[in-house]
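One structure is given here, and the rest of the page talks about it.
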Amino acid sequence: MISMAVRWSELMSAISLATDLGMAQPLESGLATCLVATALAARLGLDLPARQRTYHLSLLQHIGCTAASTQIAEVMGDEMVMRAYARTLDFADKRAMFAFLLSHVARTNPLLSRPAALARAVAQGGRVTATVPDVCEAAQLLGRRCGYDERFLTELGCVLEYWDGKGFPGAVRGEALPAPVRVVQVASLAVAAHRAADTAGAVELVRARAGHQLGPGEAAAFLDDPDGLLAPLADGGSLWDEVIAAEPVPGPPAGDAEIDRTLRAVADFVDLKAPCLANHSSGVATLAADAAADLGLAADEVTAVRRAGWLHDLGRVGVSSAVWTHPGPLTPHQWEQVRLHPYYTDRVLDRTPFLRRLGAIASAHHERVDGSGYFRGARAGQLPVAARVLAAADKYHAMTEPRPYRAAFAPTDAARYLRNEVDAGHLDAAAADAVLRAAGQPVARRRSAAPAGLTPRELEILRCVARGLSIKQIAHELSIAPKTVDGHIQRIYAKVGVSSRAGATLFAIQHDLLLAGGENGENSP
């Protein structure tokens, strides 16, 4: 059995990867900042507790970022594009800010709509800066739930301050800024500039911001040896192992209570991405775990399902809130973004055996047993029971929640929807039944007997025939021999009294054997 042990630093590093997604930065930007900041803190002679706080502050500095996503998207159109280009921006420089707005509007709007978009951004720009207290408070609340002490939380609330007092929220300046904050600020800006340009670009930017945004002492220490401090970034490989090894005070493996407390905080970090998502991840986790227990899964599997439920939508933070709050049908481009979010979940969690086990379940929540899901297009044989349960729980729970494009379904209607998904071949019947029982809904048998005496396997094949699949394609999808498929098809034709694919399709339609989930389709986000 895969070890359930995980170090505290591994959990925090995974959160850092998620905040990279939320800030639209290259993956492992936070890990790079951590290495540079930890080394810089040592060169400055900070004591061991301060170096430990520097390490963790660099990993968690953006944990509140989702709190502002919706408001920024409402003003700027796509907060991910803005964040991707704003990492080295001086927010106290009004000229630079206006130039940035011009370029952002040009990047995100057609020519004719740019004047109106610019006017909106200028007129409502205050809404963006007004989110800073929300971001700081969310970061501190989430940090507290992860188990950090008040001193660390105070420092976490200062990461957007400037040395000269012109930062946000503008309550602290100069030497009153804690040393770990000043170190992380230098490292963060240097890493962003290095990734956007090179070491020379990092040196130029740190030198220009010293005494304004950055502490002069910390900036000078970086400028003494930029090549040495940025050396870990040189080969472009993963920094994960180096970051785990660099923790100044390595701790023991996290206990179950610590793990659960932290993963629940991560769930809420994700659900802050859009108002309609509030409590979605935790609700899915509870429902999926109850369903897994109902099916008789072992205790450690039930725990894994619950934890995967907390993490299943981690990849949402890498997609603009403008997509999640879109009130109408999604464009093809928006759909492509939606289909990527379970992939992002997988990328964040594919780091250690503990996280990888959860990621295999979490990232499969939009897979379907007939292969019609995403992002892998996995079929039944590739989906463990835990993943099937999570997929059904996510679908049911999402249908009972309001979305910008529809009202919440009543529980009975959501149950009917889930049964239809089973009938359509998308969801596993046993998993869906367990979810319905866990949700307090009756588990009505979808059909006591199929029409014309068709067996469950013949129903599967009939649906494939109606979808236009060839014998070889059906054999591949159902993992059976082509000769077996052909024999089933001949028996189906005989039972239903037809002699062609068209006739079989019409029979399936007439008897509602192709019934899908209704107007809010199977893959709705």
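The values are calculated or read from the model by the stated rules, or taken from the named source; none is laboratory data. Note that the coordinates shown come from a computational prediction; the quantities given were computed from them, not determined experimentally. Using ideal geometry, Cβ is built from the backbone for each residue, glycine included, and neighbour counts are taken over all protein chains shown.
A single entry from 116, 138 fulfils the requirement of being under 24 Å from residue 189 (Cα atoms), in a helix (DSSP H, G or I) and either touching a Leu at 6+ places or on another chain (Cβ under 9 Å) or among the small types (Gly, Ala, Ser) (or both): 138. Test residue 120 against the stated conditions and say whether it is out of contact with any strand residue (DSSP E or B) (no Cβ under 8 Å at 6 or more places or on another chain), buried (at least 18 other Cβ atoms within 10 Å of the Cβ) and touching a residue at least 40 places away in the same chain (Cβ under 8 Å). Against the criterion (out of contact with any strand residue (DSSP E or B) (no Cβ under 8 Å at 6 or more places or on another chain), buried (at least 18 other Cβ atoms within 10 Å of the Cβ) and touching a residue at least 40 places away in the same chain (Cβ under 8 Å)), residue 120 does not qualify. Return a yes/no flag: does segment 220-231 have any residue that is at positive phi and assigned by TED's automatic domain parsing to the domain that holds residue 59. No, segment 220-231 has no match at all. Here is the figure for segment 451-503: residues that are touching a residue at least 60 places away in the same chain (Cβ under 8 Å) and outside any helix (DSSP H, G or I) total 1.
Take the residues in segment 71-99 that are β-branched (Val, Ile, Thr) and farther than 20 Å from residue 185 by Cβ, then tell me which one is surrounded by the fewest Cβ atoms within 10 Å (Cβ to Cβ).
81
The residues on offer are 130, 139, 119, 99, and the sole one that is aliphatic (A, V, I, L, M) and in contact with a Gly (Cβ under 6 Å, 6 or more places away or on another chain) is 139.
Is it fair to say residue 96 is touching a residue at least 24 places away in the same chain (Cβ under 8 Å), of a type in the set (A, V, I, L, M, F, W, C) and out of contact with any Ser or Thr (no Cβ under 8 Å at 6 or more places or on another chain)? In short, no.
Checking 14, 41 one by one, the residue that is surrounded by 24 or more Cβ atoms within 10 Å (Cβ to Cβ), touching a Ser or Thr at 6+ places or on another chain (Cβ under 6 Å), among the hydrophobic types (A, V, I, L, M, F, W, C) and in contact (Cβ under 8 Å) with a residue 12 or more places away in the chain is 41 and no other.
Only a single criterion out of (1) within 26 Å of the chain's Cα centre (by Cα); (2) within 20 Å of residue 209 (Cβ to Cβ); (3) touching a residue at least 24 places away in the same chain (Cβ under 8 Å) is not satisfied by residue 158, namely (3).
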